[in-house]
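Note sheet for the following structure.
Please treat every number below as a calculation from the coordinates, not as lab data. All values derive from a computational prediction rather than experimental measurement. Reconstructed Cβ throughout: ideal geometry from the backbone, glycine too, with neighbour counts over all protein chains shown.
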Amino acid sequence: MSIKSLKKEESLNKGLNIKFPLRKSVHGGFELNKTTVDAVRDDLKSLLITNWGERMVHYDFGANLRAVIFEQGEDVKQKIEDSINFSIQKWMPFVNVTNMQIKDHRDDPGLGDYEVNVKLSFQIGSTQLEGSLETKVSAQ
């Protein structure tokens, strides 16, 4: 069965990739993501919180959001959305973003001046597998 024909996913016993943040597993080693949606969610979060120059060998890996958030201005949300879409297209082209909400201190008083909350809904390739992610990104 190919991933293109997946409609419902079952959990794997062994795991697909390491969960972040790193946590010790009761079975030894680190906890693992056991579904494709969980693995993609963790990979997306890593992409969003990574800035250019932080990943060895791939200098331009990441959405580089800290630099964009620090700029501020009226169009900062559009710049953040563009940066996220560009990085997903480049590094995870099998992910289709179906909805994106970006909130800053003007929308949510609980956020600082240099923080944004990003909420994404996504679909994996041409499958019917869907997931969502919410993370806070800070320029500091």
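On a full-extension model of 0.36 nm per residue, what is the gain between D82 and K119, subtracting their alpha-carbon distance, rounded to one decimal in nm?
Details: separation 37, 0.36 × 37 = 13.32 nm, distance 1.43 nm.
The D82-K119 span can extend by a further 11.9 nm.
Using Cβ point charges alone (K and R +1, D and E -1), the dipole size of the chain about the Cα centre works out to roughly 680 debye. When the chymotrypsin sites (Phe, Trp or Tyr not before Pro) in the range 53-140 are filtered for DSSP coil states and for at most 14 other beta-carbon atoms within 10 Å of their beta-carbon, the remaining sites are Y59, F94. Karplus-based coupling profile of the range 113-127, in residue order and whole Hz: 4, 10, 10, 9, 10, 10, 10, 10, 10, 9, 10, 9, x, 9, 7, with θ = phi - 60° in 6.51 cos²θ - 1.76 cosθ + 1.60 and x standing for Gly or Pro. For the range 112-128 and the range 26-59, what is the centre-to-centre distance using only Cα atoms, to the nearest Å? Their Cα centres are 15 Å away from one another. Among [x] 144; [y] 111; [z] 134, which one is volume of the Cα convex hull per residue in Å³ computed from these coordinates? Looking at volume of the Cα convex hull per residue in Å³ for this model, the match is [z]. This ranking places V116, V37 by how few other beta-carbon atoms lie within 10 Å of each, fewest first, which gives V37, V116.
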